[in-house]
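*Asks:* My structure is below; once you've seen it, I'll send some questions.
The values are calculated or read from the model by the stated rules, or taken from the named source; none is laboratory data. Not measured: the values here are computed from a predicted model. In this analysis, Cβ positions are derived from the backbone assuming ideal geometry, glycine residues included, and neighbour counts consider all displayed protein chains. What goes into the accessible areas is simple: the full protein's heavy atoms, side chains included, and nothing from ligands, DNA or RNA. Shrake-Rupley method; radii C 1.70, N 1.55, O 1.52, S 1.80 Å.
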There are 2 protein chains.
Amino acid sequence: MGEAAPKAAQATDSAHGLKASAASAHDGAARIDFRTEPHRYHHWKLATDGDIATLTMDVDEKAPLLGGYELKLNSYDLGVDIELADAIERLRFEHPEIKVIILKSGKDRVFCAGANIRMLAGATHAHKVNFCKFTNETRNSIEDASENSGQKYVCVVNGTAAGGGYELALACDHIMLVDDGSAAVSLPELPLLAVLPGTGGLTRVTDKRKVRRDHADVFCTTEEGVKGKRAVDWRLVDEVMPRSKLDEAVETRAKAIAAKQDGKAAKGIALTPVERTRTANSNEYKFVSVAFEREDRLATIMLRGPDGAPPASPDEMVTQGAAFWPLQLARELDDAILDIRLNELEVATIVFKSDGDAQRVLAYDAFLGANAGHWLAREIRLKWKRVLKRVDMTSRSLVTLIEPGSCFAGTLAELIFAADRSYMLIGTMQGDNRAPAAIVLGEANFSGTYAMSNGLSRVATRFLGEPDSIEAAKVETSNPLEAEQAEEFGLITFALDDIDWEDEVRLFLEERASFSPDGLTGMEANLRFAGPETMETKIFARLTAWQNWIFQRPNAVGPEGALTRYGSGQKPNFDLKRV
Amino acid sequence: MGEAAPKAAQATDSAHGLKASAASAHDGAARIDFRTEPHRYHHWKLATDGDIATLTMDVDEKAPLLGGYELKLNSYDLGVDIELADAIERLRFEHPEIKVIILKSGKDRVFCAGANIRMLAGATHAHKVNFCKFTNETRNSIEDASENSGQKYVCVVNGTAAGGGYELALACDHIMLVDDGSAAVSLPELPLLAVLPGTGGLTRVTDKRKVRRDHADVFCTTEEGVKGKRAVDWRLVDEVMPRSKLDEAVETRAKAIAAKQDGKAAKGIALTPVERTRTANSNEYKFVSVAFEREDRLATIMLRGPDGAPPASPDEMVTQGAAFWPLQLARELDDAILDIRLNELEVATIVFKSDGDAQRVLAYDAFLGANAGHWLAREIRLKWKRVLKRVDMTSRSLVTLIEPGSCFAGTLAELIFAADRSYMLIGTMQGDNRAPAAIVLGEANFSGTYAMSNGLSRVATRFLGEPDSIEAAKVETSNPLEAEQAEEFGLITFALDDIDWEDEVRLFLEERASFSPDGLTGMEANLRFAGPETMETKIFARLTAWQNWIFQRPNAVGPEGALTRYGSGQKPNFDLKRV
């Protein structure tokens, strides 16, 4: 697999441009920007009509994110998916009145050909893995909108839905397939490319649609896929209809599903652009600062608490819109994490710090809790849930440092439990007159509001072996807990006084930077998710880990591998050993 | 990773010798034999005293299975684990009176240093993966004996228990650690070798012992491990005691645990050697034949039904002992599968066939069911459960061909549901006057007797999306179902008449041989285990897949990787990208 140097680094950060950077085989040196908005979309069209929206995929083949390939047949790359993720999010915040989203293709007789093969063949291993991770998070966000926001997705497969194209359909609630003797759904990755479907396809086939395993085996090894009645019989799609009846059937279906959704129409808020100032060693947002110490392979994310009290009413929250502290902070943190993931590949450890008034943080939590029935409060908490899951899924060591002046309370305290370790200062630092650091737990830490992908709260996952500790901690809700107390309650890893603090933290960070990056990724992926498994953890653990393995194997990516030789006219040459 | 040619192929099959073959980096060309017996052990001593057994690990460092390394400090290779697996099995069949097994070291101040690092560094990727799979199955068999056979394992850690050494302890019910300021448990794989603990360590730490994730993080990154009180506080071990009190404490503990186990003393049966005749292209057992067509990358396993009726009484079953059909067949099938896994690396597909009288198979099933309370009947069914799980975990495509003369009934019908696909002939073959093939389901297919590692029966897993089909099939228990009926009930993949049979089957087998072996392994590992996840599936899927990935990464196995450079005095040189 060629890890070629980036072709060009065209950092034009202030433009919020999707195509701010490009590289023929992305290796992190040219930055990818995750911020976009509908008028900048190259590949999607979003239209609304009453409580039904139509999201049309019409990929501009001349607008790839990286260089060296064309996005033919509605195939996609990370750039296409960044727009899709944006559209899904905007539907929730800007169009809460929408109850059904019709996801369709703008091309004739092609729904989507999946991830672009030339892009995959040319991409670095790191880019392939990060690409799959982000696209998986996007598919999960469709299911999250369906489950929690009453926005149901109807997928209209008007022709080929191959690989990632069918995986996109699988993330939807209802799949409609044209029955014209040629339109088909397929997962041709294995027979065609010697890799696996990388966006949850295998897991959703077996665990969401519960396709019988031998049918799944036939389906996943049949390049041309399955069409017509068999696709329905095997539960691969929900219904088929002649092309002549398609539009009518879609309209009827969408209206029927919309009629079943509760919820009154509300006016949305505008998701204004996330403002960011980039310097050589930092990303500055309003409530988030990211400082890079690249020599030490560190990124420190400082989260700032709110400037004042929460608004007096939900209406005022709506008026504040994207500037409402919890929402703005969540969006900034999300952008900061994604930026590190894709653009700072050598950062070993992310350090979380916070600065602000813990009681104000809790006041905002209380405001959101008291207004949990309000659509915007609900969406903001769901956004935090997704951002925190993004943190959990980030393949960097995570450590939270709890120091005087910090505000790790309620929602922000989740970053203590999301971290692989936490260190908390006992008392004060010499020359610093701020009060000793304290953690304050809130209802949000126990309620399941921010459930991890395993379905449990971070506190419940932490205390799987000592359920009494959950109750003991719960009793302390709203009480500031200083370091030694926090340690006693098992909430932090280590409490250190100012004599040891600097050395211990430094040693830990140095140690982390000295370990094998791959070994750490595998270890953390195993230690972070104790307890139950869900479809989501299966996708991120079982499927992803196998895919990572296969993405390294010569049979896929070697000079004679299937991904490398695709389209060359030459057959791949496989090492025949079954391992 | 050097895939060096085997040093020597010393096939002396008739000797049932563990060291029948050796290679410096096993690539399947020199055969490994899984059959052994206590008087041939090099590394273990098994002693019994009333209802307590002592299993002593005293590895002969001069007797490695492959060449090129010494098994110092009670480190192990596959040869050591083959003996351990044999001892665990013999305890169940030959010593049903045993209620507690004390697992200890025969070395001074060393319990076990884990998998031998030089062996790992020199082994092929395939050998590393197969080694880990087998050792995992052995650890699982300890837990299976504890859960289902009332044989509890007490592990006595008298010194270092590092890596695989601690993982062996983790498989036991109770871990006792000497508190002498130096004895410690550790998982140093990541800091020392840039790989993961490969025998379930991470999963058992988080999910069995439910160690808090930040403690687990500290533990798994601390080369020297954890000792004394902290090891108890973090739930890594169950108790610590001074060395002077160790023997007494072990005796007291073993007796206390034995006193809590039910069950009357029974006299065991002798597990006589599994007789096998090997030719260039076959393995012949009494009830199993394996035919290799290596050009086509096929192994066909023919299972033969019983010669006559089941015995009249449990006593007669005990008298037949290892020759009792269900037990002999299970042991032969187990050996056949292991032989293919380790010694026939290029076999793409295993074809299961059977030959015999279905009603006789069901009669044996009924006999075992009627005597389910008898210790030997219970052990035989548990053995079948383990063998079938071994089949599920085998990284080869599995297909079952159901033809006239076959006896896929009850227990043997599990091989239809364990397969990735099944093909059944409609009617008869020209020139063959045998009756059309029929499947007969039995109680064993529905009861959970043969639960997969996901905790469900194979039928329940198969019909996850159509629970009514389970009930429909259950109604047909004991009724012979011919091909078209079997297809209607969803029990087989394809029913074919004799015009299509040969071509369709051939095309499938050719297609399977043409796909990427790695891609198939990943796909099958995802499609075979729909539904719930358990600690066992986590170990085999999540942990194993990450380990496979890491076993391919240059940071572990490259020329400057940690595994390669271990002991060389040179530090590893890592690619610093976090993927």
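*Asks:* Could you list, in sequence order, the residues of region A:68-103 that are part of a loop (DSSP other than H, G, I, E, B) and under 18 Å from A:L46 (Cα atoms)?
*Replies:* A:E94, A:H95, A:P96, A:E97, A:I98, A:K99
*Asks:* On to the next question. Which members of region B:160-210 meet the condition of being in contact with a Pro (Cβ under 8 Å, 6 or more places away or on another chain) and at positive phi?
*Replies:* Residues satisfying the conditions are B:G163, B:A194.
*Asks:* Could you check region B:302-322 and list, in sequence order, the residues that are over 24 Å from B:D81 (Cβ atoms) and under 22 Å from the mean Cα position of the chain (by Cα)?
*Replies:* B:M302, B:L303
*Asks:* I would also like to ask the following. Is one or more of the residues making up region B:385-397 surrounded by 23 or more Cβ atoms within 10 Å (Cβ to Cβ), hydroxyl-bearing (S, T, Y) and more than 14 Å from chain A (Cβ to nearest Cβ)?
*Replies:* There is no residue in region B:385-397 that is surrounded by 23 or more Cβ atoms within 10 Å (Cβ to Cβ), hydroxyl-bearing (S, T, Y) and more than 14 Å from chain A (Cβ to nearest Cβ).
Let's see how each residue does on (1) open to solvent by 10 Å² or more (accessible area, probe 1.4 Å); (2) at pLDDT 95 or above; (3) at the interface with chain B (Cβ under 8 Å from one of its Cβ atoms):
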| position | (1), (2), (3) |
| --- | --- |
| A:L507 | yes, yes, no |
| A:E510 | yes, yes, no |
| A:S514 | yes, yes, no |
| A:G519 | no, yes, yes |
| A:F540 | yes, no, no |
| A:N555 | no, yes, yes |
| A:Y566 | yes, no, no |
| A:P572 | yes, yes, yes |
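*Asks:* For B:A525, work out the one condition from (1) open to solvent by less than 10 Å² (accessible area, probe 1.4 Å); (2) modelled with pLDDT of 95 or more; (3) facing chain A (nearest Cβ under 7 Å) it doesn't fulfil.
*Replies:* (1)
*Asks:* Moving to a separate point now. Specify which of the listed residues (A:I492, A:I550) is facing chain B (nearest Cβ under 9 Å) and within 26 Å of A:A437 (Cα to Cα).
*Replies:* Every option except A:I492 fails the conditions.
*Asks:* Identify the single condition in (1) more than 25 Å from B:I98 (Cα to Cα); (2) open to solvent by 20 Å² or more (accessible area, probe 1.4 Å); (3) assigned to a helix (DSSP H, G or I) that B:M429 does not satisfy, given that it satisfies every other one.
*Replies:* Going through the list (1) more than 25 Å from B:I98 (Cα to Cα); (2) open to solvent by 20 Å² or more (accessible area, probe 1.4 Å); (3) assigned to a helix (DSSP H, G or I), B:M429 breaks only (3).
*Asks:* Taking only region A:87-137 into account, find how many residues are farther than 30 Å from A:Q328 by Cα and not aliphatic (A, V, I, L, M).
*Replies:* Number of matching residues: 14.
*Asks:* Mind telling me which of the residues B:D86, B:D108, B:D179 ends up being in contact (Cβ under 8 Å) with a residue 40 or more places away in the chain and either open to solvent by less than 30 Å² (accessible area, probe 1.4 Å) or under 30 Å from B:P273 (Cβ atoms) (or both)?
*Replies:* B:D86
*Asks:* Could you go through region A:511-528 and let me know if any residue there is touching a helix residue (DSSP H, G or I) at 6+ places or on another chain (Cβ under 6 Å), in contact (Cβ under 8 Å) with a residue 24 or more places away in the chain and farther than 30 Å from B:P572 by Cβ.
*Replies:* There is no residue in region A:511-528 that is touching a helix residue (DSSP H, G or I) at 6+ places or on another chain (Cβ under 6 Å), in contact (Cβ under 8 Å) with a residue 24 or more places away in the chain and farther than 30 Å from B:P572 by Cβ.
*Asks:* Going by the conditions given, is B:A545 open to solvent by less than 10 Å² (accessible area, probe 1.4 Å) and more than 20 Å from A:K128 (Cβ to Cβ)?
*Replies:* Answer is no for this residue.
*Asks:* Still on this structure, please answer the following. Which one of these does A:A372 not meet: (1) of a type in the set (G, A, S); (2) open to solvent by 10 Å² or more (accessible area, probe 1.4 Å); (3) under 22 Å from A:T138 (Cα atoms)?
*Replies:* A:A372 satisfies all of (1) of a type in the set (G, A, S); (2) open to solvent by 10 Å² or more (accessible area, probe 1.4 Å); (3) under 22 Å from A:T138 (Cα atoms) except (3).
*Asks:* Is it fair to say B:L78 is at pLDDT below 95 and open to solvent by less than 30 Å² (accessible area, probe 1.4 Å)?
*Replies:* Answer is no for this residue.
*Asks:* So which of A:I102, A:I98, A:I117, A:I88 is more than 14 Å from chain B (Cβ to nearest Cβ) and either under 19 Å from the mean Cα position of the chain (by Cα) or of a type in the set (F, W, Y) (or both)?
*Replies:* A:I88
*Asks:* Another one. Determine whether region A:158-169 contains at least one residue that is surrounded by fewer than 22 Cβ atoms within 10 Å (Cβ to Cβ) and within 14 Å of another protein chain (Cβ to nearest Cβ).
*Replies:* No: zero hits.
*Asks:* Within region B:447-457, how many residues are open to solvent by 10 Å² or more (accessible area, probe 1.4 Å) and either more than 14 Å from chain A (Cβ to nearest Cβ) or part of a strand (DSSP E or B) (or both)?
*Replies:* 4
*Asks:* Quick check on my filter: what residues within region A:133-192 are among the basic types (K, R) and more than 13 Å from A:R204 (Cα to Cα)? Lay out the reasoning, then the answer.
*Replies:* Kept after step one, since they are among the basic types (K, R), are these residues of region A:133-192: A:133, A:139, A:152.
The answer is A:K133, A:K152.
*Asks:* Another question about this same structure. For B:T477, are the conditions met, namely being among the hydroxyl-bearing types (S, T, Y) and either open to solvent by 30 Å² or more (accessible area, probe 1.4 Å) or modelled with pLDDT under 95 (or both)?
*Replies:* yes
*Asks:* Also: Cβ-Cβ below 6 Å, separation at least six or inter-chain, first residue in region B:303-316 and surrounded by 12 or more Cβ atoms within 10 Å (Cβ to Cβ), second charged (D, E, K, R): which pairs?
*Replies:* Close Cβ pairs (under 6 Å, with a partner that is charged (D, E, K, R)) amount to B:R304/B:D355; B:G305/B:D357; B:G305/B:R360; B:P306/B:R360.
*Asks:* Still on this structure, please answer the following. How about region A:414-437: which of its residues are more than 14 Å from every other protein chain (Cβ to nearest Cβ) and in contact with a strand residue (DSSP E or B) (Cβ under 7 Å, 6 or more places away or on another chain)?
*Replies:* Across region A:414-437, the qualifying residues are A:L425, A:I426, A:G427, A:P436, A:A437.
*Asks:* Of all the helices (runs of 4 or more DSSP H) wholly in region B:205-297, which have at least 1 residues that are touching a helix residue (DSSP H, G or I) at 6+ places or on another chain (Cβ under 6 Å) and open to solvent by less than 70 Å² (accessible area, probe 1.4 Å)?
*Replies:* Numbers: elements: B:213-220, B:228-233, B:246-260.
In region B:205-297, the matching helices (runs of 4 or more DSSP H) lie at B:213-220.
*Asks:* Of all residues in region A:111-131, which are open to solvent by 20 Å² or more (accessible area, probe 1.4 Å) and closer than 18 Å to A:A169 by Cβ?
*Replies:* Selection gives A:A113, A:A115.
*Asks:* Same structure again: Does B:L327 meet the test of being part of a helix (DSSP H, G or I) and under 30 Å from B:A435 (Cα atoms)?
*Replies:* Against the criterion (part of a helix (DSSP H, G or I) and under 30 Å from B:A435 (Cα atoms)), B:L327 qualifies.
*Asks:* List pairs: first in region B:463-481 and within 14 Å of chain A (Cβ to nearest Cβ), second of a type in the set (G, A, S), Cβ under 6 Å, 6+ apart or cross-chain?
*Replies:* B:F463/B:S469; B:L464/B:A530; B:L464/B:G531; B:S469/B:G490
*Asks:* Could you please let me know if B:A444 is within 13 Å of chain A (Cβ to nearest Cβ), closer than 22 Å to B:G356 by Cα and of a type outside the set (D, E, K, R)?
*Replies:* Answer is no for this residue.
*Asks:* Of the residues that make up region B:187-199, is at least one crowded, with 16+ Cβ neighbours inside 10 Å, of a type in the set (S, T, Y) and within 11 Å of chain A (Cβ to nearest Cβ)?
*Replies:* There is no residue in region B:187-199 that is crowded, with 16+ Cβ neighbours inside 10 Å, of a type in the set (S, T, Y) and within 11 Å of chain A (Cβ to nearest Cβ).
*Asks:* If you don't mind, there's one more thing I want to ask. Tell me, which helices (runs of 4 or more DSSP H) lie completely within region A:356-426 with 2 or more residues that are more than 29 Å from A:F494 (Cβ to Cβ) and touching a residue at least 12 places away in the same chain (Cβ under 8 Å)?
*Replies:* In region A:356-426, the matching helices (runs of 4 or more DSSP H) lie at A:358-370, A:375-392.
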